[in-house]
Amino acid sequence: MIKGLGPRYCPSIEDKVNRFPDRTSHQLFVEPEGSDCGRSYVNGFSSSLPAEVQEEAMRTLPGFRDAEILRFGYAVEYDSVRATQLKPTLELKAIPGLYFAGQVNGTSGYEEAAAQGLVAGANAGLKLLGREPLILGRAEAYAGVMADDLTTIDIDEPYRMFTSRAEHRLLLRQDNVEARLLPLGVRLGLVGEEQRERFLASRERLAAARTALRATSVAPETINPALEERGEKPIPEKCRLFELARRSDPPMDLMLSLAGAPELTLFEKTELWADELYGGFRERQERAVERQERAEKLRIPDDVDYFALKTISIEARQALSKARPATMGQARRVAGVRATDLAALLYELTRRRDPSARA
């Protein structure tokens, strides 16, 4: 009879029984709460059923017939801010200077909360300093994807950040995180001088390694034994080393040594290899992002009267008036807004900037 909507990714035991009635078993983990306290937590047995039902069920478990239950399970529900109430900076639209992060924004998960805390905290500081806000793009960081989703999509269940939510995830790799975000951290004052110097030195080493790999050719008899040892196809004739970096498992250490490149860390070698391996796909995605961002970054004035825009459907007028998107990109993700509505809105904004503009 529970009406609350629990987290999709950590359901209670009764939720699992309802959702997976065909399963005949369920794995539990008994986790000691300390080395000498004698208490254990039964992970996978979370429940909001009545205490007497929980106790009866617990006693059916092997080894738990005489267990002493110190605390019964209970349901947790929390209210959250609606997407239409927040700006992309995680600032509340109705109360300037008030920022929200974590479960109150409808998310579930520690990493999600930490990322929001960083974005909200940075923006609170930037606002006090009178500086431009921090709005991470969807092709710039997973935190940017999450913040955009949280402020444009009307969420009806706890939100988790998955890679599948990012349409440009080829650009959001773990190995290029410093290249993507550290310069921004420096500009915002969130990264210290020592870390900045390490980053610049790393960029110099990578640039030198790329140049060396592109300038050095290798003969088949020199590289083929290493390629064959890794299950890679041998080369029939002399080729540039950077071409070999596009393989699934190239002998990077040998290649860098043959090229006379500077010594790289494992992290740097991974970034170098990934950039070469996915270079063509990455460049194609970057061009698509550039085209998209030119349209998406078009700002929508706060005072737009959507109900006065008769060229837009009534449903879109209602949705946009409620969501109050800050950019065309956000407007694109508002539920109920169609491509024809976006085209009409773009025309109205263009005409507002230049009354002589024609459709």
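Which of the residues belonging to region 58-81 are more than 31 Å from the chain's Cα centre (by Cα), of a type outside the set (Phe, Trp, Tyr) and closer than 25 Å to SER108 by Cβ? Can you show your working first?
At the first step, the residues of region 58-81 found to be more than 31 Å from the chain's Cα centre (by Cα) are 58-73.
With of a type outside the set (Phe, Trp, Tyr) added as a condition, the list becomes 58-63, 65-71, 73.
Matches in region 58-81: ARG71, GLY73.
Would you confirm whether any residue within region 54-66 is of a type in the set (A, V, I, L, M, F, W, C), surrounded by fewer than 16 Cβ atoms within 10 Å (Cβ to Cβ) and over 30 Å from ILE155 (Cα atoms)?
Within region 54-66, the first condition is being of a type in the set (A, V, I, L, M, F, W, C), and the residues that meet it are 57-58, 61, 64.
Then drop every residue that is not surrounded by fewer than 16 Cβ atoms within 10 Å (Cβ to Cβ), which leaves 57, 61.
Checking the rest, the ones that are also over 30 Å from ILE155 (Cα atoms) come to 57, 61.
Yes - at least one qualifying residue is present in region 54-66.
Within the set of pairs 6+ apart or on separate chains, which have a first residue in region 343-354 that is over 13 Å from TYR306 (Cβ atoms), a second that is of a type outside the set (Phe, Trp, Tyr) and buried (at least 16 other Cβ atoms within 10 Å of the Cβ), and C-beta atoms under 8 Å apart?
LEU346/LEU298; LEU346/MET328
Considering every residue within region 124-131, establish whether at least one is among the aliphatic types (A, V, I, L, M) and either part of a loop (DSSP other than H, G, I, E, B) or under 25 Å from GLY279 (Cα atoms) (or both). Please lay out each step first, then the result.
So the first thing to find is which residues in region 124-131 are among the aliphatic types (A, V, I, L, M), and the list is 124, 126, 128-129.
This time we only want the ones that are either part of a loop (DSSP other than H, G, I, E, B) or under 25 Å from GLY279 (Cα atoms) (or both), so: 129.
Looking through region 124-131, at least one residue is among the aliphatic types (A, V, I, L, M) and either part of a loop (DSSP other than H, G, I, E, B) or under 25 Å from GLY279 (Cα atoms) (or both).
Results for (1) surrounded by 18 or more Cβ atoms within 10 Å (Cβ to Cβ); (2) not in a loop (DSSP other than H, G, I, E, B), shown as yes or no for each residue.
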{"site": "ASP154", "(1), (2)": "no, no"}
{"site": "LEU184", "(1), (2)": "no, yes"}
{"site": "GLU194", "(1), (2)": "no, yes"}
{"site": "LEU206", "(1), (2)": "yes, yes"}
{"site": "ALA209", "(1), (2)": "yes, yes"}
{"site": "ILE223", "(1), (2)": "yes, yes"}
{"site": "GLY231", "(1), (2)": "no, no"}
{"site": "PRO234", "(1), (2)": "no, no"}
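Every residue in region 285-326 that is under 20 Å from the mean Cα position of the chain (by Cα) and either within 15 Å of ALA344 (Cα to Cα) or exposed (fewer than 12 other Cβ atoms within 10 Å of the Cβ) (or both), please.
So in region 285-326, the residues under 20 Å from the mean Cα position of the chain (by Cα) come out as 285-286, 288-290, 292-293, 296-297.
Correct list: GLU290, GLU296.
What tally of residues in region 8-56 results from selecting those that are assigned to a helix (DSSP H, G or I) and touching a Phe, Trp or Tyr at 6+ places or on another chain (Cβ under 8 Å)?
Quick first cut of region 8-56, residues assigned to a helix (DSSP H, G or I) only: 13-19, 51-56.
Subset that is touching a Phe, Trp or Tyr at 6+ places or on another chain (Cβ under 8 Å): 13, 51, 54-55.
Number of matching residues: 4.
Looking at region 236-254, which of its residues are within 20 Å of ASN176 (Cβ to Cβ) and either touching a residue at least 40 places away in the same chain (Cβ under 8 Å) or not in a helix (DSSP H, G or I) (or both)? Walk me through how you get there before you give the answer.
If we filter region 236-254 for residues that are within 20 Å of ASN176 (Cβ to Cβ), which is where we start, we get 242, 245-250, 252.
Hits for region 236-254 are ALA245, ARG246, ARG247, SER248, ASP249, PRO250.
I'm trying to understand the selection: among the residues of region 209-226, which are farther than 17 Å from THR270 by Cβ and touching a residue at least 40 places away in the same chain (Cβ under 8 Å)?
As a first pass, look at region 209-226 and keep what is farther than 17 Å from THR270 by Cβ: 211-212, 214-226.
Within region 209-226, ALA212, ALA215, THR216, VAL218 qualify.
Given the condition among the acidic types (Asp, Glu) and closer than 18 Å to THR216 by Cβ, answer yes or no: does some residue in region 273-290 qualify? Steps first, please.
Filtering region 273-290 for residues among the acidic types (Asp, Glu) gives 275-276, 283, 286, 290.
So of that shortlist, the ones also closer than 18 Å to THR216 by Cβ come out as 275-276.
Among the residues of region 273-290, at least one is among the acidic types (Asp, Glu) and closer than 18 Å to THR216 by Cβ, which makes the answer yes.
Against the conditions (1) in contact (Cβ under 8 Å) with a residue 40 or more places away in the chain; (2) outside the structural domain of LEU150 (by TED's automatic domain parsing), where does PRO88 fall short? Just the number, please.
PRO88 satisfies every listed condition except (2).
What about TYR9, is it in contact (Cβ under 8 Å) with a residue 40 or more places away in the chain, loosely packed, with under 13 Cβ neighbours inside 10 Å and among the hydroxyl-bearing types (Ser, Thr, Tyr)? Walk me through how you get there before you give the answer.
Numbers: in contact (Cβ under 8 Å) with a residue 40 or more places away in the chain: yes; loosely packed, with under 13 Cβ neighbours inside 10 Å: yes; among the hydroxyl-bearing types (Ser, Thr, Tyr): yes.
So TYR9 fits the description; yes.
Considering only residues that are part of a helix (DSSP H, G or I), within 24 Å of ARG173 (Cα to Cα) and not hydroxyl-bearing (Ser, Thr, Tyr), which ones fall in region 256-270?
Start the filter on region 256-270 by keeping residues that are part of a helix (DSSP H, G or I), which leaves 256-259, 266-270.
After this cut, where a residue has to be within 24 Å of ARG173 (Cα to Cα) as well, the list is 256, 266-270.
LEU256, LEU266, PHE267, GLU268, LYS269, listed by residue number.
Quick one: count up the residues across region 89-116 that are of a type outside the set (A, V, I, L, M, F, W, C), surrounded by 15 or more Cβ atoms within 10 Å (Cβ to Cβ) and not in a loop (DSSP other than H, G, I, E, B).
7
The values are calculated or read from the model by the stated rules, or taken from the named source; none is laboratory data. For clarity, every value in this text was computed on a predicted model and none was experimentally measured. Cβ atoms come from the backbone with ideal geometry, glycine included; neighbour counts cover every protein chain shown.
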